[in-house]
Structure formats: C-alpha cells, structure tokens
Amino acid sequence: MGATGSKLEKALGDQFPEGERYFGLENFGNTCYCNSVLQALYFCVPFREQLLEYYGNSKNPGDVEENLLTCLAELFMQISTQKKKTGVIAPKRFVQRVKKENELFRGYMHQDAHEFLNFLLNELVDILEKETAKGPAENLSPPEKITNGPHAGLVNGAKKEPLVTWVHKNFQGILTNETRCLRCETVTARDETFLDLSLDIEQNSSITSCLKNFSSTETLNAEDKFFCDKCCSLQEAQKRMKIKKPPHILVIHLKRFKYMEQLGRYKKLSYRVVFPLELKLTNTMEDADCEYSLFAVVVHVGSGPNHGHYVSLVKSHNHWLFFDDENVEMIDESAVQTSFGSAQEYASNTDHGYILFYESLAANNAS
C-alpha cells in the first residue's frame, strides 16, 4: 500500500499538484462498480467543490440525519483532508449506506456501474430537493427520475418549475423531442431533462457518429403512426431528438450490454468505439458549438455482463491516472486509447470504455 503511494509520488515528483490527493478505495467484495464511479466523481472538480462546500455549510451533525449525500460528502472530505498525498481509504460508511438504501446493491453480485451512477445522482437530487423544500412539495419528483426514459419529461415541461440543485447545475442537460406531422407539417416539441446520455453503439464507430445516430430523424409510419392534434388523427411523421441545452458535465453511457433474444440473456459488445479527448457537440439548439474535454472514463474489464471488473482512468492537473480499487498509478495519455474496444469479436483485451465524463470548456473558462 505504502509502496504504490510512494511510487506515484516519485513518478509525479515536483509536479505533484498542490493540495491534491490521490487515494485508492478499498474493495468490500465486488464494490469496484462503486469505487470506479466515486473516483470519476471525485475528479469532477466542480461537483467535488460544491459537495465539500455543502459539507462545510451543514456541519452540525446533531441536526443532520445520515443519508447518501452526507456519507458521500464525508468521504470526499476525508480524502481531500488527508495528511498524506497518496494512500488507501475504505469507503465503508458510504457503501453500507448504498446497500441500506437500495437492495439492488446488497449482495456480492457483479453490479452495473451505470445503474449505480444513475441511482446515486437521482438520490442526491431527491435529498437536496427535500432539504430545499423543507416539507412535501409537489415538485419533489422531477422528470429526471427516469433518466433517458421515454416518459422522462412533461409536455412543455418548463411550466412546472422543478428546483434546480447544484447536482442539476453540473450534470443536467435538456433534450428536445421533435415530431413533425408529414400531413400538416406541424411540429410538436417536448423537452425532457437528462443527467446522462445512453448511446447505442456500432462496431468501428466513434462517439461523434453515435451522437449523430442519437439525433437522427426517424420516420413513424405503419403501426407506429403519430397522433397529430391538429389533424385529429394518426399520421405519418418524422421524429428526432436534439440536445437543446448541453450540460456542464456531459456523461455518456455506451450501451455495451445488449439483450439477445435468441440467447435469452445479455451479451457484452466489445465494439471499438473511439472517444476523443476533446469533443465538439455540434447538433445542439444553442447555435454555438459546445466543446468538451474528457476527464474520466469508467472502464468495464471482462467478456460478459455478469462478471468482470471496473476501473477508472482519470485526468487530474494534466496527468492521467489509473484507479483500480486500492491501486493508483500514473499512466500515459495514450493509454486511454486501449479502452476504445476491439475491432474483432473475440480479442484478448477486454478493457472497454463504458461511461465517459466530459467537462465543458466553457464551464472551465467561466469558473
């Protein structure tokens, strides 16, 4: 434990960032899904800073009932105030709380890091909203409850003003679902919020092409016709999804686990999907291109969905680091490319990028 710490300190030498801490997280029996996501979130600096600020403001332990948010804030505080620069921390309280809150994560089964991230962010939002509302208000269940779900938004959802928490300010974007009736040309637009984007993937593709497919126009015909309010009948229509407002932190989930009807189970897609270190979002309603920089990748290691391991690659102060539970190492930027996936169906490398975290460069410049 000490050896890896000193090795990392030696590797960084004088370049060790002032005030930064690089700590591995102990694994409590298949909790790598949790550790890998926690590392990505810890190095999402705006989120970390707001969480620590929240911790500082609510430091009256007698008043605050323990919940997932207080446990996460406490863990981040514990890491950031360590006397040593490197080492290992056991996120015991946090993991116990996760298991208490959600039976899905109670066993020792291999869990899905994306499901965990989704659960965690939505849970933090709920806690913050309840604290803000200080009582049952009707907007305690915002549209993000079903992230990326088909019913995730209200029609003209903006009318019902949901509370905007600092979790929303970091991760929430807005999608517009546009449907154009091919008979009367009327366009019906419906906004829905998202905390992450789940993208279908194809072999030998890139994030850019996956995003293009996500926003491509689809024709609704035959039994999929659209009920047009203006024509008062079912009509053929064209539908497309566009990013109306890009988030500060863009979280992209690659759908690497696909249900195969003929097999009756999920299969892992090891497709090669290239993700750039700098990403431009062009297909957004805000006319300006939105530029993002990659700062974390949660990687799934293994050939199947029900077993395997999660690690994370994180960029901090222009250095790339590899976090594998207790182990933390410095890596070369080019190592990120090893998790793009493989061009062949069966390859020896099973490390595949699964959740990508991009930070808006505009957000960086503004702060």
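Brief remarks follow.
- The residues of the chain have, on average, 50 Å² of accessible surface per residue, using a 1.4 Å probe with all protein chains present.
- Mean separation of Cα contacts under 8 Å (6+ apart) over length of the chain, as relative contact order %: 19
- Cα-based helix-to-principal-axis angle, 92-101 vs the chain, degrees rounded to 10: 30
- Computed from Cα positions, the angle between helix 2-12 and the longest principal axis of the chain comes to roughly 70 degrees.
- With Cα atoms, 0 to 90° folded angle of helix 32-42 axis to the chain main axis: 90
- Shown for the stretch 2-119: the carbon plus sulfur share of the solvent-accessible area, taken with all protein chains present and a 1.4 angstrom probe, equals 48%.
- Distance between the modelled labels on Leu263 and Ala347, one decimal in nanometres: 1.8 nm (7 Å Cα→Cβ projection).
- GNM flexibility winner over the chain from Ala222, Ala133, Ala189 (Cα, springs under 10 Å): Ala222
- Mean-square fluctuations from a GNM of the chain, with a 10 angstrom spring cutoff on Cα atoms, peak among Val274, Val301, Val164 at Val164.
- 5 angstrom amide H check on Leu279, placed H, neighbours 5+ away: Tyr292, Ser293, Leu294
- GNM top mover of Pro276, Pro17, Pro305 - the chain, alpha-carbon springs below 10 Å: Pro17
- Extension gain for Asn204-His307 works out to 34.6 nm (0.36 nm per residue, less the C-alpha to C-alpha distance).
- Computed lengthening from Thr282 to Lys84, 0.36 nm per intervening residue step minus Cα-Cα distance: 67.0 nm
- Mean Cβ count within 10 Å, highest first, over the residues of peptides 176-185, 253-262: 176-185, 253-262
- Of the Cα atoms belonging to the stretch 305-352, the radius of gyration and Dmax stand at 12.2, 36 Å.
- Quarter of Cα convex hull surface for the chain, i.e. mean projection, nm²: 20.9
- Computed FRET value (nearest 0.05) for Glu223 with Glu65, which takes r as the C-beta separation and R₀ as 56 Å: 0.65
- Whole-percent carbon and sulfur share, accessible surface of the stretch 231-339, 1.4 Å: 47
- Shape of the stretch 216-367, Cα gyration tensor, a/c cut at 1.5: oblate
- Free-standing Cys, the chain [no other Cys Cβ under 4.7 Å]: Cys32, Cys34, Cys44, Cys71, Cys184, Cys210, Cys232, Cys290
- Segment Ser233-Glu26, length gained on full extension (0.36 nm per residue, minus Cα span): 68.6 nm
- Protection proxy ranking, highest mean first, for peptides 43-52, 120-129: 120-129, 43-52, where packing is the per-residue count of other beta-carbon atoms within 10 Å, averaged.
- Under the simplified labelling scheme, the Asn327-Gln96 pair shows an inter-label distance of 2.9 nm, with each label point 7 Å from Cα along Cα→Cβ.
- Around the amide H of Val311, modelled in the peptide plane, lie the amide H atoms of Val299, Val301, all under 5 Å away and 5 or more residues distant in sequence or on another chain.
The values are calculated or read from the model by the stated rules, or taken from the named source; none is laboratory data. Remember, predicted model here, so these are calculated numbers, not experimental data. Glycine gets a Cβ as well: all are built from the backbone with ideal geometry, and neighbour counts include every protein chain shown. Each accessible area value is taken on the protein alone, full model and side chains, heavy atoms only, with ligands, DNA and RNA left out. Shrake-Rupley method; radii C 1.70, N 1.55, O 1.52, S 1.80 Å.
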